[in-house]
Structures are given as C-alpha cells and as structure tokens.
C-alpha cells in the first residue's frame, strides 16, 4: 500500500494526497532525478484476475499511459511518464494547483450560460486535438475537468479507462455495450456543461431517467440538446460544437474565470489622476511648476494609487488664438545674425561668445607656458 514518503519506481517520492480521482488517490510527488514537483496516480487494475489476464490488464494500462503522453494541448494535463512499480502501474503528470469541476460546483454552485460556453470552447478544442491524435477521452465528466487556480482549464485522465465513466455522463450507446467513440465524447461534454449550468446531470445520476429540460441554460440550451442526442450519428462533431459555443459567446471569450474570483475594484470618478497614469509620450514642460500648498487630507488623496481608475486621462488642449489677435512679425534689423532677434538678445549672444573665446585663448596660453 502506498504511503507518504514511499519511493515509486526508484525515483518519485510520494509527499501527500491532493485529491481523489475515479481510479484512486492522486498524490503530490517529487521527482528526485529532475528535481521537480509532479502529480502521480496509480492506474486502475481489476483485482482477482488470473495471472494471464492481470498481465494483459497491466499492458493495456501501460499503453493507455503512453497514448496520453502523446497529447500536447494547453487545456490537457501533460503526462510525463508511465511506469510499473511491483504489481502497480503509475501515471506521472504535471502538477497544476486546481480543483475538480465537481468539487467546485458543490462548493460554489452553478455557472452562467456564458461561463459554461467559454468553458466548453476550451474543453472542445482540447478534445478536438485529442481526437485528431486518434484517441478518445472515454471518461469525460466534471470529475475529470480541473479548474486551475490561475483561471485555466485542464482535462485529465485522457484515454484512461480507469474504473469507467460515471453512468450520468456516459453516452447511451456506451451504456448499451458499444465501445467509446468520438461522438460519445460529444455527449459527455454536453452532459458536463449541462451539469455546470443546471446543477445536476441531464438524465439523472444513473443516466437512465427521462431527460430533464434545461431551466437555467438560456442561450446554451440549443447546443446542449444537439450534443445530448441519443443517436450518435446525428450529434454534431466536436469542431461543430466549438463553433456553436463560439457563436454564443460572440468570440469574446478569453479564459475561463471561476465566478468566485475576486471582483475587480472600481474607483470613484472623483479620484484625481496621478502622474504615474499620465501617458509617457505626453510632452513634459521643462519649466518647473510652482509648488502648491495642499491640505494633509488632500495630499494623502493625491498620493493614493488606483491602477483600476475608470477615468481616461486627457491632456488639456491649448485654445488657438483667433487670427486677428496674432501679433505681427517684426522684420529683423540689418546685420542681424538671426531673423527677428531683438537687440537685447543679440547683446547677450555676443557677450557669451566673447567669454567663450577668452576662455579658449586662456587655455591655449596656459598650455604654451607649461610646455
């Protein structure tokens, strides 16, 4: 029996349990060879099998792990390794701080239709990549969808048979004994999104009850009905499903953000805009402005940072003087070095030039004296 501190495969140290999947406990582990934190799960193997069949089950589990390791997608948990350890087969995966969607829904309630559609887009794109690799997920349900702490979404148990999918999210043809297929994954995704917005499975926990019409799905209802069709031949493909969900969100989705994420603070419009928020490209006057005396409470307000300020800084625009008020340009006197230069300015220029020449002559004489 695995326990904290155990070494698996001579390499991975089991540190602590971090969750429970369909097939058993998920462990936080440490790779003592590459010095990185990973997640590990002992793959499900039927008990009580004859030796020959037990060996076949172990070989099948190894192959499932190798197939899962082929998947590369931002919304799919990356499988690093699959290895035997005694009679067990272990799956080594990337560690993502997260919680399962089933746990999230239990703790925080349902999602809005728009949130569920955005979630479905990300899951659908990951499943499209999985299908393109010739792999069927087989066990898609809220328990195999991870909602990461950073707002990301991850699919786990890709292609892993485990103990079999929960009946509530199993396609009808799979329940009748047909092998899992890509249309079956479409059904499971529809049932998962249905549970996300409605709070329960569409056909009951046993998957055999009459369909419950959606009551909270709103704009998502039509897409869900298509995905939950009993006949797999008339269900939309995964790519069509992603297209339908994208139409619901009007292409505005970015990343799934759990509804319990802290709300972005709003700032009253009366707050002043500080110098840090003035666009850098604005011209800065080289003339220092006179210091103003400010009351203590006003000074504290002016120094208060507010990065989420709702006001847009707009520099004041100088009002152009009417053409009639423009001062006439005086012609420069004869002999002036610059057009329009006043006598006073010309006097200062000549004085500065004389000083510079005197300095240079003095420097030259000093160098001759010390040679």
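Quick note: the coordinates plus some simple rules give every number you see, no bench work behind them. Just so it is clear, the model here is predicted, and its values are computed rather than measured. FYI the Cβ positions are ideal-geometry reconstructions off the backbone, even for glycines, and counts take in every protein chain you see.
Below, the figures for the structure above:
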{"item": "Test: residue in segment 147-168 that is part of a helix (DSSP H, G or I) and touching a residue at least 60 places away in the same chain (Cβ under 8 Å)", "result": "no"}
{"item": "Some residue of segment 109-118 being more than 22 Å from residue 221 (Cα to Cα) and in contact with a helix residue (DSSP H, G or I) (Cβ under 9 Å, 6 or more places away or on another chain)", "result": "no"}
{"item": "Segment 230-248, residues that are touching a residue at least 40 places away in the same chain (Cβ under 8 Å) and either within 22 Å of the chain's Cα centre (by Cα) or surrounded by 15 or more Cβ atoms within 10 Å (Cβ to Cβ) (or both)", "result": "232, 235, 236, 238, 239, 241, 242, 245, 246, 248"}
{"item": "Segment 92-138 - residue that is under 23 Å from residue 78 (Cα atoms), free of Cβ contacts under 8 Å to residues at least 60 places away in the same chain and out of contact with any strand residue (DSSP E or B) (no Cβ under 9 Å at 6 or more places or on another chain) and, of those, surrounded by the most Cβ atoms within 10 Å (Cβ to Cβ)", "result": "138"}
